[in-house]
Amino acid sequence: MMKKHLYILLILGFSVSAQNMQLNFEKQLVNYFQKQSWDEITITRDSLYTSPFKEKFNVSVSKNFIKFDTTHIVIKNPYFAMKYEEAEEDKDYVKNFPKSFSVIYENSLISLFENGKFACFKLDNFERDTKLEDKLNTKKFKYHWIIDKQLGALSGNSIYKWNGNKWIKHKDYFPLKNQPKLFEDHEFIVYGDCYGEWGGTVYFYEKKSSKSFFTESTCANSVIKDKNGYNVLAHLGHGGGSTEIKTIANPRKLTLAKPNEIRKTVNGEALGYVDKSNAYKKKIDFYGVQIFSSFKYQNKELFVVHLSDLTFLAEIKGNEIEIVNPLFFSDIYTHHPITKQYGNYILMNLDHYGTGLYREISVLIIEDNKITKVDWNENHSR
C-alpha cells in the first residue's frame, strides 16, 4: 500500500512540476511579445501575435508544452588556423568554419574542414573520435554527404563512399558537387538553389532515369515525405520574411529540367519560376514570419519558427502557430539552413552570412527530449 501511495505522490509531483513549467513558459512568452508590441493591445497566451498581412496567422502558446533539455556547447575547429582568424578578407576569415555542412554517421557528428580532413565527435559526449578520423582521413576531401545511408565525399573530381573499412569510388552519377542535400529516398535526391529575392528552385533528381524535375521554392530548407507526397518547406528573410510549404504528390509531373538549365537563372530569376505545371498544393503560405526547419518528432510535425527576434519550436494547425517550446529563448538566426533526419537524430545545419558567409557556424542536434546547440569556435548566440 505504501508503494502505491509513493507512486501516486510521484505522479502528482511530476504533474505539478510540468504545470509550473507550462505557466512559467506562458508568462515569459506573454511578457516578451507584450514588449515587442507597438500597439497598445493586451497580449494573451491565445494571441501573442496576429499577422497583419493577407494570409493571416495567429501565434499562441500551445496547451501541449513539450519539455526538452537544452544544452549549448562550443567546439573549436581542431584544425584551427590563426592565419584565417587574422585574415582581412571574409572569404579567408571564414575558413575556420566547416567547408561543408556536417552530417551524422555511426552516432558521430562528422565535419569537414579547410585542410580537407574530417573531425569526428561522439554524440554522447562530443569527444573527438580520433580512431575514426584516422581511418577516414586517407584522402583530401572537398565536400561530404550521406549517400544511400553511407558516408560519401568528394575528393578531386571523384565521389567516394565509405564501406566501413575503406573508400570506394561511387560508380553512379551523383548530382551534387559543393552543396548540401535536402532529402533522399530510393527514388529521388532532392536539393535546391537560392537567389534571394530573385527566387529559388527545388530539384528532384530521379535516380532510375537520371532526369531532374523542378519547381519554384524560395528557398527550400527541409523536406518531409508523408502519404500526401513530398512536403517542401521554404523561407526567405527578404522584406518582412516569408514561408511556404508545397506538397508535391508526384515530382515527375513537375517541369523537366535540361542539364544546362540546372542551377541557372532565366532573365535574372530562378529557374523555378519557369515551372507552370501546378503539380503541387500549397499547405502554408505566410508572410511576416520565417520558418527555418520542419521535422518529425514523436508522431508530430514540429517547426523551428523565427518571429519578432525570437526563435522557438511550434506546431502549425491551419493558420495557428502554437509554440510548444521556447528553445533557448533567444534570437537564433540563419539564412540557408538545412534539416535532415539521421535515424533517431535530427540535425539542423545553420549558417549566418555576417559570421561565416555561406559556411556552417552552428548545428542543432535533437535526440529524444534533448536539444544540443553546437557553435563552432566561439559562442554565436545573439
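Can we say K177 is open to solvent by 30 Å² or more (accessible area, probe 1.4 Å) and farther than 28 Å from Y230 by Cα? No; evaluated as a whole, the condition is false for this residue.
Suppose the filter is touching a residue at least 24 places away in the same chain (Cβ under 8 Å) and in contact with a Lys or Arg (Cβ under 8 Å, 6 or more places away or on another chain); does Y143 pass it? It is true that Y143 is touching a residue at least 24 places away in the same chain (Cβ under 8 Å) and in contact with a Lys or Arg (Cβ under 8 Å, 6 or more places away or on another chain).
Scanning segment 210-248 for residues that are touching a Lys or Arg at 6+ places or on another chain (Cβ under 9 Å) and not in a strand (DSSP E or B) yields K211, S217, N228.
Screening N299 on (1) within 19 Å of the chain's Cα centre (by Cα); (2) open to solvent by 70 Å² or more (accessible area, probe 1.4 Å); (3) under 19 Å from G239 (Cβ atoms) shows it passes everything except condition (3).
H144 fulfils the conditions (1) out of contact with any helix residue (DSSP H, G or I) (no Cβ under 9 Å at 6 or more places or on another chain); (2) modelled with pLDDT under 95; (3) not small (G, A, S) except for a single criterion, (2). Among the residues of segment 181-202, not a single one is more than 17 Å from the chain's Cα centre (by Cα), at pLDDT 95 or above and basic (K, R). G199 meets the conditions (1) surrounded by 24 or more Cβ atoms within 10 Å (Cβ to Cβ); (2) in contact with a Ser or Thr (Cβ under 7 Å, 6 or more places away or on another chain) in every case but one. The failed one is (1). The requirement of being on the phi < 0 side of the Ramachandran plot, in contact with an Asp or Glu (Cβ under 6 Å, 6 or more places away or on another chain) and of a type in the set (V, I, T) is fulfilled nowhere in segment 289-304; no residue meets it.
Residues of segment 285-324 that are polar (S, T, N, Q) and more than 12 Å from L364 (Cβ to Cβ): Q290, S294, Q298, N299, S308, N319.
Count of segment 191-234 residues, restricted to those that are free of Cβ contacts under 8 Å to residues at least 60 places away in the same chain and closer than 21 Å to V266 by Cα, is 15. Restricting Y273, Y297 to residues that are farther than 30 Å from V59 by Cα and touching a residue at least 40 places away in the same chain (Cβ under 8 Å) narrows the list to Y273. Filtered by the rule that a residue be open to solvent by 40 Å² or more (accessible area, probe 1.4 Å), among the small types (G, A, S) and either at pLDDT below 95 or touching an Asp or Glu at 6+ places or on another chain (Cβ under 9 Å) (or both), segment 344-382 gives a lone residue, S381.
Okay, residues lined up against (1) touching a Gly at 6+ places or on another chain (Cβ under 7 Å); (2) not in a strand (DSSP E or B):
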position: R263; (1), (2): no, yes
position: Y273; (1), (2): yes, yes
position: S277; (1), (2): no, yes
position: K282; (1), (2): no, no
position: D285; (1), (2): no, no
position: E301; (1), (2): no, no
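Could you check, for segment 288-310, whether at least one of its residues is touching a helix residue (DSSP H, G or I) at 6+ places or on another chain (Cβ under 9 Å) and under 23 Å from L182 (Cα atoms)? The answer is no, given that none of the residues of segment 288-310 is touching a helix residue (DSSP H, G or I) at 6+ places or on another chain (Cβ under 9 Å) and under 23 Å from L182 (Cα atoms). I'm checking my understanding of the structure. Among residues of segment 317-332 that are without any contact (Cβ under 8 Å) to a residue 60 or more places away in the chain and in contact with a Ser or Thr (Cβ under 9 Å, 6 or more places away or on another chain), which one is least open to solvent (accessible area, probe 1.4 Å)? Ranking the qualifying residues of segment 317-332, first place goes to I332. Out of curiosity, is S293 assigned to a strand (DSSP E or B), in contact with a His (Cβ under 7 Å, 6 or more places away or on another chain) and at pLDDT 95 or above? No.
The condition of being modelled with pLDDT under 95, over 17 Å from the mean Cα position of the chain (by Cα) and either open to solvent by less than 70 Å² (accessible area, probe 1.4 Å) or under 18 Å from I291 (Cβ atoms) (or both) holds for only one of G229, G268, G239, that being G239.
The values are calculated or read from the model by the stated rules, or taken from the named source; none is laboratory data. Computed from a predicted model, the values in this text were never measured in an experiment. Every residue, glycine among them, receives a Cβ derived from its backbone with ideal geometry; neighbour counts consider all protein chains shown. In case anyone asks, the SASA skips ligands and DNA or RNA and just uses the protein heavy atoms, side chains included. Shrake-Rupley method; radii C 1.70, N 1.55, O 1.52, S 1.80 Å.
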